Each structure stands twice: as C-alpha cells, then as structure tokens.
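Notes to accompany the following structure.
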Amino acid sequence: MQLPYAATARPDTGVTNGKLGTWLFLASEVMLFGALFATYIILRVGATHWPHGAELLNVPLATINTAVLITSSVTMVMAWASCAQRSLGRFRLYMGLTILLGAVFLVIKYFEYAAKIHHHLYPRTNTFLAIYFTLTGLHAFHVFGGMVLNAYFWGPGVRLWRENPEWFTHRVEHAGLFWHFVDLVWIFLFPTLYLL
Amino acid sequence: MAEVRDREVAAARAPALHVPHEEALGFWRKYVFSTDHKVIGIQYAVTGLLFLLFGFSLMMLMRWQLAYPEQPLPWIGRLLGDSRAPGGVMLPEFYNQLGAMHGTIMVFLGVVPLAVGGFGNFVLPLQIGAPDMAFPKVNMASYWCYFLGGVTMFVSFFAPGGAAQAGWTSYPPLAAITPFWGQVLWLVGMVFLITSSLLGSINFITTTIQLRAEGMTFFRLPFFVWAQFVTAFLLLLAFPPLEAAAVLQLMDRIAGTSFFMPSGLVVSGQPLEISGGGSPLLWQHLFWFLAHPEVYVLILPAMGIVAEVIANNTRKPLWGYRTMVYSVVFLGFMSFIVWAHHMFLTGMGTTIAGFFQTTTMIISVPSVIILTALFLSLWGGSIRFTTPMLFALAFLPMFGIGGLTGLPLGLSATDIHLHDTYYVIGHFHYVVAPGTIFALFAGIYHWFPKATGRKMSEFLGKLHFWPSLVFMNMVFFPMLIQGLAGVSRRLYDGGAMYTHAQEVLYWNKIMSFGAWGLAVAQLPFVVNFFRSIRGGEPVSRNPWEATTLEWAAPSPPPHGNFERPPVVYRGPYEYSVPGSAAGYLPQHVAAEH
Amino acid sequence: MDEHALDIKKHVRIYITVFVALLALTLITVAVSYLHLPKVPAIALALLIATVKGSLVACYFMHLISERKLIFIVLIFTGIFFTGLLLLPYFTEMDVVGR
C-alpha cells in the first residue's frame with residue numbers, strides 16, 4: 001500500500017512523511033543528549049575538583065576528529081546533491097567518503113579510549129571521566145548507527161533509486177539530517193569536554 | 001437527486017485505494033508480524049490487558065500482607081517458595097519487589113500500551129480518515145520492542161535476588177545496592193519500553209499531521225485525536241531523558257561509575273569503593289522530567305475516550321470543544337515544567353519551590369476546564385445509559401476527586417505533611433484507577449463493535465460496572481484517610497509499628513477486601529469479552545449512531561480501512577441537527593439538499 | 001531541469017563556504033582554549049562559537065534556512081524544553097535550604 005505523502009510533499013504542510021518523521025526523531029535525540037549535558041552541568045557544579053579538559057584528554061586528536069566529522073557532513077550533503085542532480089556515480093563516491101570518514105572518526109576514538117585504559121583512566125575513576133566516556137560513547141554509537149544507515153543506501157538500498165529516484169533522494173536527505181545531527185552534537189560536545 | 005450527484009462527484013474525486021490481496025499474506029504476516037494498525041492496536045490492547053491483570057495480581061498479594069501482616073499467604077504462599085515467602089509468609093524484600101513491579105507494570109506495561117498503543121493505534125487512523133499509520137513497519141517494530149520490554153520485566157522476577165525492589169521510581173543510592181539482576185533487567189526493560197514509545201510517538205504525530213483526509217482540518221478532529229496528538233508529543237520529548245538516566249544508572253551498576261552515588265557512602269558498615277561525587281538528586285530530576293508528563297500520558301487518552309463516549313451518548317455536541325483543544329495543548333506544554341513538585345522535600349530552597357508550585361497550580365487550570373466542559377456537555381443531553389456511558393460518567397467525579405486531592409500535594413507547605421504517605425497513593429490511584437482505567441473500559445465497550453463486528457452484552461457490562469465503582473472507592477478512599485493520619489507508603493507492615501498509625505490501621509483490612517472484591521468484579525468483563533468475540537450481537541457499521549469517521553468503515557474495517565478515502569464536510573459532533581434525516585450528521589456525509 | 005541544476009550548483013558553493021567557516025571556527029575555538037580565560041568568559045565564548053558552528057550546520061547542511069514553518073514549530077518547542085531541562089535542575093541545585 002503506497003501511503004499518501006510518502007514520496008511527495010503534502011500541499012498544506014509542505015513536507016513528506018519521512019521528512020517530518022526524521023525531524024521528530026531528531027527532536028527526541030536533542031532531549032536525549034540534553035539530559036546528558038544536564039548531567040554534565042550537575043556533576044560539575046557539585047564537584048570539589050573538576051579537571052580542565054586538556055589535563056586528561058587528547059585535544060589535538062579530538063580536533064582532528066572534529067575536522068573529520070565536519071568534512072563528512074560536507075561529503076554527506078554532496079551525496080544528497082548528487083542524487084538531486086541524478087548522478088548515481090557521484091552519489092556513491094560521496095556517500096562512500098562519508099562512511100569512510102565515519103570509520104576514521106571511530107578509529108581515532110578507539111585510540112583515544114585505548115590510551116585512557118592504558119593509563120588506568122576508567123569511567124569509574126571520577127565523575128569527569130564517567131560523563132566523558134558516556135557522552136562520547138553514546139555519540140560514537142550514533143556515529144556507528146549513521147554509518148550503518150548510510151551503508152544501506154550506498155549498497156542494497158540503491159534498488160530504490162532505479163524504481164523511484166525522487167523518493168530515494170528524499171531518503172538520502174533524511175539520512176543526511178541524522179548524520180548532520182551527529183556532527184552537530186559533536187560540535188557542542190568537543191568544547192564542553194575537551195576545552196573547558 | 002442532488003444528494004446522489006454529490007456522492008458520485010465525491011467518489012470520482014477520491015480514487016479507490018489499492019488494497020493488496022489479503023490472502024497473499026500468510027498467518028504470521030497477517031496476525032503476528034502485521035503492519036496493519038488495527039492488528040497492532042489489538043496486539044497492544046491484549047498484551048496491555050494481560051499485564052494489567054498481572055500487575056493487579058501483584059497488588060492483591062501485597063494487600064494480603066497489609067491486611068494480615070506476617071500471616072502465611074493461603075495456597076499461593078506455598079507456590080512462592082522459600083526465597084520469596086518462607087513458610088508462606090512474604091519476606092519484606094519480596095513485598096518491595098511486588099510494590100516496585102506493580103507500579104512499573106501498571107504504568108508502563110499496562111495502562112500506556114492499552115491507552116496509547118491500543119486505542120491510539122486502532123482508532124486514530126480511522127478517525128482521521130487514513131488508510132493506516134504513516135510508518136506501518138515502524139509501528140510493528142514499536143509493538144515488538146514493547147513486547148521485549150515486557151518479557152524482560154517479567155523475567156526479572158526469576159532472576160537471582162528477585163525483581164527490582166527500589167520502587168517504580170528506582171531512586172539511587174538504594175536502587176544501586178539492591179540485588180543486581182532485578183534492577184539491571186528493570187533498566188534494560190525500560191530502555192526497550194522507551195524506544196517503543198519513541199517510535200510510536202513519531203508515528204502518531206506524523207500520521208495526525210500528514211494523513212488527515214480531505215476536509216479534515218485540525219479543528220474538525222475528534223477530541224480523542226487531539227488528546228492522542230498531545231500525548232505523543234509528551235512521549236517524544238519527555239522520555240529521552242529517562243532513557244539517558246537509565247543508561248547512567250546502568251553505567252553505575254555495571255561500569256562502577258558514580259553518576260548518582262554521592263561521596264562517602266557506607267553500606268552495611270563498609271564504605272563503598274567508588275569515586276563518589278555523584279548526585280542522587282540528578283536521578284530524581286531526570287526521572288521526574290519524564291514521570292510527570294507521564295501522568296498526563298496516563299490521563300489524556302482517557303479524557304479523549306470519555307469525550308467521544310459522552311458526545312455520542314448525550315446526542316449533542318461537546319460543550320466548549322475549542323476551549324478543550326486549547327486547554328489540552330496548554331496542559332501538554334505546562335507538563336514539562338512542573339516536575340520538581342515531586343521533589344519538594346529534597347532540601348529545595350523557597351525560590352525554586354515557588355517556581356514549581358506556581359507552574360503546578362497553573363497546570364491544574366486546563367485540567368479543570370476540560371473536566372468542566374465534559375460535565376457541561378451532559379446538560380440538556382438525551383443520555384443513553386449504556387455501559388460505555390456509565391464508565392464515562394463515573395470517570396468524571398472519580399477524576400475530580402483525584403485531581404482535587406492533588407492540590408495539597410502541589411503546594412510545598414502541605415506537601416511536607418503528605419509527601420510519601422498513603423495520601424499520595426490514594427490521590428494518584430483515584431486518577432489512574434477509577435479515572436483512566438474506567439475510561440479505558442468505556443473505550444473497550446464503545447469500540448469493541450468496530451473491532452469485532454459484535455456488541456458486548458449490556459447486562460454483563462452493568463454487572464462489571466456497578467461493583468467495580470463501589471470497590472474502587474473502597475480500596476482508594478481510605479488511603480486518603482491513612483495518609484492524612486501520617487501513614488507512610490511502601491511499608492511492609494502497613495503502618496503497624498507506628499503509634500500514630502494505630503487508629504487508622506483497621507482500614508487495611510477493608511481496603512484489602514475491596515481489592516479482592518474488585519478482582520471478582522472483573523470476571524463479568526472477562527467472560528463478556530471472550531464470549532462476545534464470537535457470540536455477541538452482530539452489528540453494522542454504526543451501531544451507536546455516531547458521527548466520527550471510524551463508524552463509516554465496515555465493522556471490522558479491512559486492510560486500508562475505507563473503500564474510498566472519505567471526504568470530511570463538518571465537525572465531529574453534529575448530533576441532534578434539526579432537519580437531518582437520521583437525527584445526526586456523520587462527518588463524511590455530504591450536505592443534505 | 002536546467003534551473004534545478006543551477007540551483008544545486010549555487011548550493012554546492014554555499015556548502016564549501018560553510019565547510020571552510022566551520023574549520024576556521026574549530027581552529028579558533030581550540031586557540032581560544034589555550035588562552036586559559038577565567039571560567040565564565042571561557043564557557044560563554046566556547047558556547048557562542050559552538051552555537052555559530054551548530055547554526056551553520058543546521059541552516060545550510062540540514063536546509064533549515066529554507067525549511068517549512070511546521071518543522072520550525074517542532075524545533076522551537078524542543079528548544080524550550082531542552083533549555084528547561086538544562087537550566088531547571090541547575091537552578092534547583094543552586095537554591096538549597098540553608099545555603
């Protein structure tokens with residue numbers, strides 16, 4: 001059953017179902033990460049000693065990771081633009097780059113965590129590390145989820161491109177919204193944990 | 001003649017829906033892993049009812065202990081085994097498990113899945129004239145997520161150390177030092193349930209905005225749809241912080257973090273080997289940020305059902321429909337900024353307490369407006385005292401008591417005396433039990449014919465209603481009395497060890513008999529429900545002569561709901577319209593002339 | 001179709017501009033952190049830069065600048081509740097009896 005306004009926008013609201021659904025999902029994610037930022041605030045104001053980010057964390061590595069994510073956001077939006085311009089080849093190039101950059105992010109994260117463990121810095125060591133690991137861990141989990149979603153559109157999902165390229169373009173745009181959101185969270189996460 | 005022409009024009013404008021052959025789907029895809037909102041709605045409703053029964057049973061065990069402290073439980077005592085009830089006498093730890101899981105199960109596995117997952121899923125697409133929900137596969141996923149959460153919660157009873165036993169509120173540090181598996185499974189179960197709710201809420205909001213039929217403007221929506229719409233926003237935005245909090249408590253349990261563990265904790269004489277520096281109040285903030293809007297999730301669908309049943313059975317429009325809509329939207333907004341009235345006794349200063357008292361008093365206004373409008377809707381009506389109407393009518397004063405008893409809790413000066421007493425339990429049970437659950441019964445009797453093509457028995461319905469009303473009050477009113485006398489909640493002995501409680505202790509036995517009586521009073525309902533599925537009086541599309549769109553579809557509706565997408569010409573409650581042939585004008589029927 | 005293609009080309013130019021701006025702001029925010037400003041200005045500046053970066057991502061990569069009113073309404077209410085979630089527990093912690 002093809003439901004109304006799945007692939008074309010409803011005239012009075014101006015959006016497709018998927019566009020609205022994606023933004024609603026992102027709204028819930030804002031509240032999810034919001035709770036963790038609220039946690040950060042409460043833990044920090046209640047702490048007798050709160051380390052400066054640079055004391056315990058690797059700022060240069062995280063700065064590189066910030067650049068990686070920002071770049072991946074650009075490749076993601078270029079992937080969507082390629083769909084809009086009906087170029088499957090360029091779509092796969094840019095989407096592939098986006099997935100690759102996501103992987104780079106996670107690999108760098110792995111090295112960060114490994115270094116912490118090596119220096120016996122665990123979530124249980126203090127509340128700063130607890131919120132650091134949890135916030136970045138949940139974020140990394142979202143990066144991974146985004147990669148899986150993007151990989152689906154890069155791979156098996158391309159089937160839809162042949163049937164209905166416009167709907168496929170919409171779905172890539174929605175995947176892009178999720179990916180940009182993940183970048184956006186990091187944009188706030190990075191200064192909060194590493195620079196303050 | 002013109003009427004016929006109008007209908008033909010309307011039919012031509014609305015193309016026939018492509019309905020796939022149902023025979024092509026096997027048993028599993030049609031009834032178990034279905035993406036049809038009606039099947040999913042029934043799955044939610046049946047599972048929800050089963051959990052309501054289970055949660056109710058847990059409470060009936062508790063009421064034995066409260067009526068006859070330290071007496072062996074007849075028959076069941078032996079079955080519980082030595083780890084829970086040695087010699088048939090319930091252990092305090094087991095009593096606490098019953099308490100924590102009764103609350104959790106009733107709220108998260110019973111009422112909300114039935115009210116939102118069940119009624120919302122089944123009725124909402126039909127009432128807006130849609131063929132299904134906007135995201136049918138997501139809908140199916142949300143049910144199975146709920147199911148997994150329910151199984152996780154159920155299984156926790158059999159874990160070493162038993163189920164969660166730190167209250168449905170799971171406050172650390174207590175929740176951090178109770179037996180491991182019960183609490184961890186509770187947290188994991190909550191993650192499943194919250195995910196299910198989030199997926200569902202995205203579906204409800206998108207569907208209501210995007211899939212309304214032609215002519216179905218927002219102010220022609222039945223109040224039930226508005227109530228579900230606002231509820232979905234509460235679920236969408238208030239649940240994630242609790243999901244985050246559950247993850248944090250899991251980290252405290254599994255990774256040894258101290259999100260909620262303060263420094264210097266000593267347990268059983270031993271200082272805990274943790275970093276400390278955490279905040280138990282942080283959990284309370286994150287928990288109540290959800291749990292306050294959650295209580296509106298519990299009541300709003302109920303108000304929606306009562307509105308539909310009252311309009312239909314008074315044969316007149318709802319009084320103040322627009323005002324009710326503005327009220328319910330305002331209520332939804334306010335519900336996000338009142339939560340710390342659950343935390344007045346945490347050492348809160350007067351400024352911030354003043355803020356939360358103010359918002360709490362303000363939020364009582366839209367509630368009163370909605371209840372008043374529902375009462376006023378009865379004035380001048382031709383009331384049909386059918387079973388759904390009886391439950392809907394009883395809802396009004398019962399919710400009234402529940403709401404009014406909330407006022408002294410919302411003001412911190414009086415809350416000092418009443419917080420964590422039986423008064424609180426009496427207050428919220430009045431709202432949820434003879435409040436919401438009565439409304440849910442009204443909904444079942446009202447929409448059963450639409451879902452099955454058969455009516456439930458009126459006689460058995462009344463046999464269900466009257467004793468239920470009596471016993472509900474017998475169980476919950478004395479709680480208000482005991483609470484005012486100072487009897488604390490969550491006491492294994494029901495207050496027996498406290499001198500200030502002695503004068504009101506006798507109510508324990510009365511309440512327990514009320515609870516067991518209430519259980520017996522549900523038997524006519526169970527019999528009625530199952531017998532009517534095959535043996536009830538067969539009905540046509542619109543046995544209640546109702547105006548809303550779901551009654552334009554066949555009973556039960558096929559996959560895709562409507563033969564042709566309906567077109568809406570008027571508001572939802574055009575009853576007793578002068579000059580109308582049938583005495584009422586359904587929303588989808590073109591003008592008569 | 002030609003107009004549509006031109007449209008996308010204009011968008012691509014905007015994307016590249018935003019990309020450069022984001023990288024620059026990242027370097028700026030890291031550089032500022034080495035100044036070791038006192039706590040309140042440090043937090044305010046870091047959050048300000050982050051907000052600018054975030055707005056660029058939201059407006060241009062997520063197309064919010066040309067998005068429908070409906071989406072804005074959802075986001076504004078989300079923003080209000082997000083702010084409440086961040087501030088109200090903090091205010092409650094700050095206003096304690098006896099302190």
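The values are calculated or read from the model by the stated rules, or taken from the named source; none is laboratory data. Given the structure is predicted, the values throughout are model-derived calculations rather than measurements. Counting neighbours? That spans all protein chains shown, and the Cβs are built from the backbone with ideal geometry, glycine included. Heads up: the accessible areas ignore ligands, DNA and RNA and are worked out on the full protein's heavy atoms, side chains in. Shrake-Rupley method; radii C 1.70, N 1.55, O 1.52, S 1.80 Å.
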Some residue of region B:473-486 being touching a residue at least 40 places away in the same chain (Cβ under 8 Å) and not in a helix (DSSP H, G or I): yes
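Which one of these is of a type in the set (Asp, Glu) and over 23 Å from A:GLY21 (Cβ atoms): A:GLU112, A:GLU173, A:GLU163?
Numbers: A:GLU173 fails: over 23 Å from A:GLY21 (Cβ atoms); A:GLU163 fails: over 23 Å from A:GLY21 (Cβ atoms).
From the options A:GLU112, A:GLU173, A:GLU163, the qualifying one is A:GLU112.
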Lone qualifier among A:ALA103, A:ALA140, A:ALA67 - being surrounded by fewer than 23 Cβ atoms within 10 Å (Cβ to Cβ), more than 14 Å from chain B (Cβ to nearest Cβ), in contact (Cβ under 8 Å) with a residue 24 or more places away in the chain and small (Gly, Ala, Ser): A:ALA103
Of residues in region A:146-196 being in contact (Cβ under 8 Å) with a residue 12 or more places away in the chain, more than 14 Å from chain C (Cβ to nearest Cβ) and not hydrophobic (A, V, I, L, M, F, W, C), the one nearest to A:TYR94 (Cα to Cα): A:ASN150
Test: residue in region B:256-268 that is in a helix (DSSP H, G or I) and within 12 Å of chain A (Cβ to nearest Cβ): no
Residue that is nearest to C:ALA21 (Cα to Cα) [pool: residues in region C:76-85 that are at the interface with another protein chain (Cβ under 7 Å from one of its Cβ atoms) and open to solvent by 10 Å² or more (accessible area, probe 1.4 Å)]: C:PHE82
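Sort through C:LEU25, C:LEU48, C:LEU37, C:LEU88 and tell me the only one that's facing another protein chain (nearest Cβ under 8 Å) and out of contact with any Ser or Thr (no Cβ under 6 Å at 6 or more places or on another chain). Before you say what the answer is, go through the steps one by one.
Working: C:LEU25 fails: facing another protein chain (nearest Cβ under 8 Å); C:LEU48 fails: facing another protein chain (nearest Cβ under 8 Å); C:LEU37 fails: facing another protein chain (nearest Cβ under 8 Å).
Of the residues listed, the single one that is facing another protein chain (nearest Cβ under 8 Å) and out of contact with any Ser or Thr (no Cβ under 6 Å at 6 or more places or on another chain) is C:LEU88.
Check A:LEU3, A:LEU24 and return the single one that is at the interface with chain B (Cβ under 7 Å from one of its Cβ atoms), surrounded by fewer than 21 Cβ atoms within 10 Å (Cβ to Cβ) and among the aliphatic types (A, V, I, L, M). Break it down stepwise before answering.
Details: A:LEU24 fails: surrounded by fewer than 21 Cβ atoms within 10 Å (Cβ to Cβ).
Matching residue, one of A:LEU3, A:LEU24: A:LEU3.
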Subset of region C:38-73 (residues that are surrounded by 12 or more Cβ atoms within 10 Å (Cβ to Cβ) and small (Gly, Ala, Ser)): C:ALA42, C:ALA46, C:ALA50, C:GLY54, C:SER55, C:ALA58
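Each row is one residue, and each column tells you yes or no for (1) crowded, with 22+ Cβ neighbours inside 10 Å; (2) modelled with pLDDT of 95 or more.
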site: B:LEU290; (1), (2): yes, yes
site: B:LEU318; (1), (2): yes, yes
site: B:LEU331; (1), (2): yes, yes
site: B:ILE362; (1), (2): no, yes
site: B:GLY380; (1), (2): no, no
site: B:ILE383; (1), (2): no, yes
Search result, residues across region A:8-30 that are modelled with pLDDT under 95 and outside any loop (DSSP other than H, G, I, E, B): none
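Any idea how many residues of region B:141-174 are part of a helix (DSSP H, G or I) and either among the aromatic types (Phe, Trp, Tyr) or under 23 Å from the mean Cα position of the chain (by Cα) (or both)?
First pass over region B:141-174, keeping only residues part of a helix (DSSP H, G or I): B:141-158, B:174.
Those left that are additionally either among the aromatic types (Phe, Trp, Tyr) or under 23 Å from the mean Cα position of the chain (by Cα) (or both): B:141-158.
Result for region B:141-174: 18.
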Scope region B:199-226; condition within 11 Å of chain A (Cβ to nearest Cβ), open to solvent by less than 20 Å² (accessible area, probe 1.4 Å) and part of a helix (DSSP H, G or I); matching residues: B:SER201, B:ILE202, B:ASN203, B:PHE204, B:ILE205, B:THR206, B:THR207, B:THR208, B:ILE209, B:GLN210
Qualifying residue in region B:121-140 (condition: at pLDDT below 95 and part of a helix (DSSP H, G or I)): no
Filter result for the condition that a residue is touching a Gly at 6+ places or on another chain (Cβ under 9 Å) and within 14 Å of chain B (Cβ to nearest Cβ), over A:ALA79, A:ALA130: A:ALA130
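Just wondering, is there one or more residues in region A:174-186 that are of a type in the set (D, E, K, R) and buried (at least 16 other Cβ atoms within 10 Å of the Cβ)? Give the derivation first.
Kept after step one, since they are of a type in the set (D, E, K, R), are these residues of region A:174-186: A:183.
Subsequent filtering for residues that are buried (at least 16 other Cβ atoms within 10 Å of the Cβ) retains A:183.
Yes, some residue in region A:174-186 is of a type in the set (D, E, K, R) and buried (at least 16 other Cβ atoms within 10 Å of the Cβ).
Does any residue of region B:199-209 turn out to be farther than 26 Å from A:GLU29 by Cβ, aromatic (Phe, Trp, Tyr) and modelled with pLDDT of 95 or more? Give the steps one after another, and end with the answer.
The first filter runs over region B:199-209 and keeps only residues farther than 26 Å from A:GLU29 by Cβ, leaving none.
Looking through region B:199-209, none of the residues is farther than 26 Å from A:GLU29 by Cβ, aromatic (Phe, Trp, Tyr) and modelled with pLDDT of 95 or more.
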Which numbered condition C:LYS9 misses (of (1) more than 8 Å from chain A (Cβ to nearest Cβ); (2) open to solvent by less than 70 Å² (accessible area, probe 1.4 Å)): (2)
Evaluation of B:SER377 against (1) within 28 Å of B:LYS462 (Cα to Cα); (2) without any contact (Cβ under 8 Å) to a residue 40 or more places away in the chain; (3) not β-branched (Val, Ile, Thr) (one fails), failing number: (2)
Spans of helices (runs of 4 or more DSSP H) in region A:52-140 with at least 3 residues under 20 Å from the mean Cα position of the chain (by Cα) and under 24 Å from C:LYS53 (Cβ atoms): A:59-84, A:88-118
Enumerated helices (runs of 4 or more DSSP H) restricted to chain C, each holding at least 2 residues that are out of contact with any strand residue (DSSP E or B) (no Cβ under 9 Å at 6 or more places or on another chain) and basic (Lys, Arg): C:2-33, C:39-56
Test: residue in region B:334-354 that is more than 14 Å from chain C (Cβ to nearest Cβ) and over 28 Å from B:PRO240 (Cβ atoms): no
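Looking only at residues in region B:408-431 that are open to solvent by 30 Å² or more (accessible area, probe 1.4 Å) and assigned to a helix (DSSP H, G or I), which one is nearest to B:ALA353 (Cα to Cα)? So that I can check it myself, show each step before the final result.
Step one: filter region B:408-431 for residues open to solvent by 30 Å² or more (accessible area, probe 1.4 Å), giving B:408, B:411, B:413-414, B:416-417, B:419-420, B:427-429.
Pick out the ones that are also assigned to a helix (DSSP H, G or I) and you get B:408, B:413-414, B:416-417, B:427-429.
On the way: B:PRO408: 14, B:ALA413: 10, B:THR414: 13, B:ILE416: 12, B:HIS417: 16, B:HIS427: 21, B:PHE428: 21, B:HIS429: 25 Å.
Going through the qualifying residues, I end up with B:ALA413.
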Checklist (1) among the aromatic types (Phe, Trp, Tyr); (2) more than 7 Å from chain A (Cβ to nearest Cβ); (3) farther than 15 Å from A:VAL59 by Cα applied to C:PHE61, failing item: (2)
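Anything in region B:540-588 that is part of a loop (DSSP other than H, G, I, E, B), among the β-branched types (Val, Ile, Thr) and farther than 19 Å from B:SER377 by Cβ? List them, or say none.
Of everything in region B:540-588, just one residue is part of a loop (DSSP other than H, G, I, E, B), among the β-branched types (Val, Ile, Thr) and farther than 19 Å from B:SER377 by Cβ, namely B:VAL568.
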Out of B:ALA14, B:ALA45, sole residue that is modelled with pLDDT of 95 or more, of a type outside the set (Asp, Glu) and open to solvent by less than 30 Å² (accessible area, probe 1.4 Å): B:ALA45
Residues of region B:227-252 that turn out to be away from chain A (no Cβ under 11 Å) and either of a type in the set (S, T, N, Q) or more than 16 Å from the chain's Cα centre (by Cα) (or both), as a count: 3
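Specify which of the listed residues (B:GLY150, B:GLY88, B:GLY99) is open to solvent by less than 10 Å² (accessible area, probe 1.4 Å) and either modelled with pLDDT of 95 or more or under 25 Å from B:LEU198 (Cα atoms) (or both).
Values: B:GLY88 fails: either modelled with pLDDT of 95 or more or under 25 Å from B:LEU198 (Cα atoms) (or both); B:GLY99 fails: open to solvent by less than 10 Å² (accessible area, probe 1.4 Å).
Of the residues listed, the single one that is open to solvent by less than 10 Å² (accessible area, probe 1.4 Å) and either modelled with pLDDT of 95 or more or under 25 Å from B:LEU198 (Cα atoms) (or both) is B:GLY150.
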Residue identified as surrounded by fewer than 16 Cβ atoms within 10 Å (Cβ to Cβ), of a type outside the set (Lys, Arg) and touching a Lys or Arg at 6+ places or on another chain (Cβ under 8 Å) among B:ILE533, B:ILE510: B:ILE533
